[in-house]
Amino acid sequence: MSLALGNTRTAQLPPNVNRILLVKNLPFKITSEEMFSLFGKYGAIRQIRIGNAQKTRGTAFVIYEDIYDAKEACEHLQGFNVSGRYLVLLYYQTNHKPRKTNLSKEEERVEQLRQQYKRMSHEEDDELNE
């Protein structure tokens, strides 16, 4: 399928697109063969990892050889019905880590904003009463 894409290969891809797809909402009893059959239609697959632990059941990682094949699969299989479940596909972000916040600094910042807007609302009320 990758050869049939033609000119779309020269288009610039968004920065979040990569070869690794995170697939959610899979049927718990899906097999590797079914996964390869479903995702292999869009290009060569390097690896499929199906979650089997309690927390990871129903999820999988699909790693394509080519980024354009991954993009094609993500576009076509998003919301696809497999055994009564609609697939959710995301590009896996390896460098995305939640920011650690300093709770005390954040509380201080929120309090400053509250005071600032409190003063602003009192000034507006005074202007309206005049």
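Being at pLDDT 85 or above and either surrounded by fewer than 10 Cβ atoms within 10 Å (Cβ to Cβ) or part of a helix (DSSP H, G or I) (or both) is the requirement here; does Glu124 meet it? No. Among the residues of segment 1-24, the ones that are of a type in the set (Val, Ile, Thr), at pLDDT below 90 and open to solvent by less than 80 Å² (accessible area, probe 1.4 Å) come to 2 in all. Close Cβ contacts (under 6 Å, 6 or more residues apart or on different chains) running from residues in segment 49-78 that are closer than 16 Å to Pro14 by Cβ to residues that are of a type in the set (Ser, Thr, Tyr) and part of a strand (DSSP E or B) comprise Ala70/Tyr64.
Could you check, for segment 25-44, whether at least one of its residues is touching a residue at least 60 places away in the same chain (Cβ under 8 Å), within 25 Å of Gly84 (Cα to Cα) and either within 21 Å of the chain's Cα centre (by Cα) or surrounded by 10 or more Cβ atoms within 10 Å (Cβ to Cβ) (or both)? Yes, segment 25-44 contains at least one residue that is touching a residue at least 60 places away in the same chain (Cβ under 8 Å), within 25 Å of Gly84 (Cα to Cα) and either within 21 Å of the chain's Cα centre (by Cα) or surrounded by 10 or more Cβ atoms within 10 Å (Cβ to Cβ) (or both). Per the listing Tyr92, Tyr64, the residue uniquely surrounded by 11 or more Cβ atoms within 10 Å (Cβ to Cβ) and at pLDDT below 95 is Tyr92.
The values are calculated or read from the model by the stated rules, or taken from the named source; none is laboratory data. Keep in mind the model is a prediction, meaning the values are calculated, not measured. Cβ sites come from the backbone with ideal geometry, for glycine too, and all protein chains shown count toward neighbours. Keep in mind that these areas ignore ligands, DNA and RNA; they rest on the heavy atoms of the full protein, side chains included. Shrake-Rupley method; radii C 1.70, N 1.55, O 1.52, S 1.80 Å.
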